[in-house]
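The values are calculated or read from the model by the stated rules, or taken from the named source; none is laboratory data. Just so we're clear, the structure is a prediction, and the values are computed from it rather than from any experiment. Cβ atoms come from the backbone with ideal geometry, glycine included; neighbour counts cover every protein chain shown. Ligands, DNA and RNA are excluded from the accessible area calculation, which covers all protein heavy atoms including side chains. Shrake-Rupley method; radii C 1.70, N 1.55, O 1.52, S 1.80 Å.
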Amino acid sequence: MMRRILAFLVVLLLAVPAVAQNGPLRLTITDGVIEPITFAVPSFEAESPQAQQVASDLSRLVVQDLAGTGLFREVPATAFISQVSSFAQPIAFPDWRAINAQALITGAVTVSGQQLVVKFRLYDVFSGQELGEGLQFAGTIAGWRRMGHKVADAVYSRITGEGGYFDSRVVFVSESGPKDNRLKRLAVMDYDGANVQFLTDSSSIVLAPRFSPNGDRVLYTSFESGFPRINVLNVANVGRQQLTTAPGEMAFSPRFSRDGRSVIYSLSNGGNTDIYRTDLGSGQSLRLTSAPSIETAPSLSPDGSQIVFESDRSGTQQLYIMSANGGEARRISFGEGRYGTPVWSPRGDLVAFTKQNAGRFHIGVMRTDGSEERLLTSSFLDEGPTWSPNGRVIMFSRETQGAGGTSTLYSVDISGRNLKAVPIQGGGSDPSWGPLQP
């Protein structure tokens with residue numbers, strides 16, 4: 001048994017980038033890496049006079065995206081032997097090998113009026129070959145950050161073999177004011193905390209926003225009527241629809257179905273809380289659980305066939321999985337402490353959760369059968385995990401202790417490495433990571 005445990009730890013902690021000088025550049029990710037891929041990004045060429053600043057800013061954004069993953073390490077410009085002054089010039093690979101750059105990214109930017117064109121190439125320095133074909137993105141100057149994220153996503157995908165996650169958005173609860181009188185409103189931002197836009201005002205409490213599968217709508221719980229009610233908000237025009245509930249009923253913890261046509265949520269009536277599904281078109285509802293316990297926080301599997309949820313039916317707060325149409329549920333959490341807010345990974349292989357044990361809160365992951373539980377964080381209060389579109393990173397909220405405590409957003413990868421705060425103005429909680437933008 002001890003030999004098997006040691007073997008698992010070696011796989012978990014010592015997975016290395018598969019980079020060979022005589023083979024293609026490839027970063028194989030299991031649960032962690034020892035040494036990041038080294039990469040160089042000369043400032044992108046400005047192919048028009050107006051493009052100089054955008055070219056510089058865009059190339060730095062590509063660096064920030066890649067280096068921020070913890071899987072890549074930038075070779076600073078001060079170490080460069082060669083300079084790339086033209087997108088078309090041949091690459092002097094020996095000069096880049098000499099400074100141990102394993103990957104080289106070159107690019108060019110053209111500005112014409114308000115229109116912006118960005119093109120890039122990715123090279124495997126040690127093999128002296130281009131990785132894939134060069135790509136070109138076109139848009140407006142106002143959207144330069146999106147094009148930078150798209151370049152970084154393409155580079156990330158070609159080297160890791162995984163989908164990217166940089167060109168995505170997160171909806172969350174923006175918080176301001178003292179802890180005993182905190183104002184909350186819905187906001188949406190880029191994955192890295194930039195371009196924050198507010199979707200509601202702070203006139204009523206809002207909780208638990210959730211993106212639709214294609215990112216066009218947001219579910220959230222509002223207390224504007226005095227009771228928690230579920231609202232559906234159109235992100236583009238801020239139009240709103242409210243799920244119908246009977247007087248005295250409280251609806252909360254909503255999530256979209258995988259096709260976006262229905263909502264699963266918790267409904268409390270007469271002191272009992274169960275999970276329901278409502279068709280957004282017809283308004284018809286179906287009760288999925290029927291027990292004297294509290295059933296809440298449902299999350300659908302990627303194929304839409306199963307639901308993971310939290311329940312206290314065993315006497316303590318634990319995680320269960322059942323068919324998407326209801327029926328018998330099986331318990332999957334058996335560790336010490338209480339488990340809640342489960343979220344199914346986009347890959348379908350893991351469930352993220354919040355765990356409370358011995359006075360500490362943790363964000364963790366486990367297999368869908370409950371095996372291989374791993375705690376990724378530990379603090380006074382960590383809660384509300386949400387997955388990046390590729391299932392590689394988890395974002396959550398962390399609150400500090402005391403009367404002056406604040407809540408902010410953090411992210412961590414599924415190996416438990418690269419824990420960092422998301423730079424936002426003010427406080428934030430209840431993040432929900434949307435899909436890659438079209």
Practice item. Express in nm, to one decimal, how much length is gained between Ala358 and Leu419 on full extension, taking 0.36 nm for each residue of separation and deducting their alpha carbon distance. Key: 19.8 nm
Check your understanding: Using θ = phi - 60° and the Karplus form 6.51 cos²θ - 1.76 cosθ + 1.60, what ³J(HN,Hα) does each residue of segment 101-112 get, whole Hz, x for Gly and Pro?
Key -> 7, 7, 10, 10, 10, 10, x, 8, 10, 10, 10, 9
Point to revise | Packing rank of 347-357, 282-292, 410-420, where each peptide gets the mean count of other beta carbons within 10 Å, highest leading | key: 347-357, 410-420, 282-292
Point to revise | Residue with peak Gaussian network fluctuation, the chain [Cα springs, cutoff 10 Å], from Thr296, Thr278, Thr341 | key: Thr278
Exercise for review: Please work out the Cα convex hull volume for the chain and give it in Å³ per residue.
Suggested key: 166
Review point. Which one of Gln136, Gln64, Gln114 has the biggest mean-square fluctuation once the chain is modelled by GNM with Cα springs under 10 Å?
Key: Gln114
Check your understanding: For segment 130-171, list residues with backbone N below 17 Å from a point placed 7 Å from the Cα of Arg374 toward its Cβ?
Key -> 162
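Using a probe radius of 1.4 Å on heavy atoms only, what accessible surface per residue do you get for the chain? Whole Å² is fine.
About 44 Å² of surface per residue is accessible.
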Exercise for review: Enumerate the calculated ³J(HN,Hα) couplings along segment 40-49 in order (Karplus 6.51 cos²θ - 1.76 cosθ + 1.60, θ = phi - 60°), each rounded to whole Hz, writing x wherever the residue is Gly or Pro.
Suggested key: 10, 10, x, 3, 4, 6, 8, 8, 9, x
Check your understanding: Using the Karplus equation 6.51 cos²θ - 1.76 cosθ + 1.60 (θ = phi - 60°), what ³J(HN,Hα) coupling, rounded to whole Hz, does each residue of segment 219-232 give in order, writing x for Gly and Pro?
Key -> 8, 7, 9, 10, 9, 5, 8, x, 10, x, 10, 9, 10, 10
Review point. Can you list residues whose amide H is under 5 Å from Thr377's amide H, if they're 5+ apart or on another chain and H is modeled 1.01 Å from N?
Key: Ile363
**Study point:** Simple spin-label estimate for Phe227 and Ala142 in nanometres, 7 Å along Cα-Cβ
**Key:** 4.1
Check your understanding: With r defined as the distance between the Cβ atoms of Gln242 and Ala403 and R0 fixed at 25 Å, what FRET efficiency is calculated, to the nearest 0.05?
Key -> 0.10
**Study point:** Cα pair distances exceeding 19 angstrom across segment 270-341, given as percent
**Key:** 33
Review point. Per residue of the chain, what 222 nm ellipticity follows from adding -39500 (n - 2.57) for every DSSP H run with n ≥ 4, rounded to the nearest 500?
Key: -3500 deg cm²/dmol
Point to revise | Whole-percent carbon and sulfur share, accessible surface of the chain, 1.4 Å | key: 51
Exercise for review: Would you kindly calculate the translational diffusion coefficient of segment 56-134, applying Stokes-Einstein with the Kirkwood radius from alpha carbon pairs, for 4 °C and a viscosity of 1.567 mPa s, and quote it in µm² s⁻¹ without decimals?
Suggested key: 95
**Study point:** Computed accessible area, Glu383, all protein chains, 1.4 angstrom probe, square angstrom
**Key:** 70
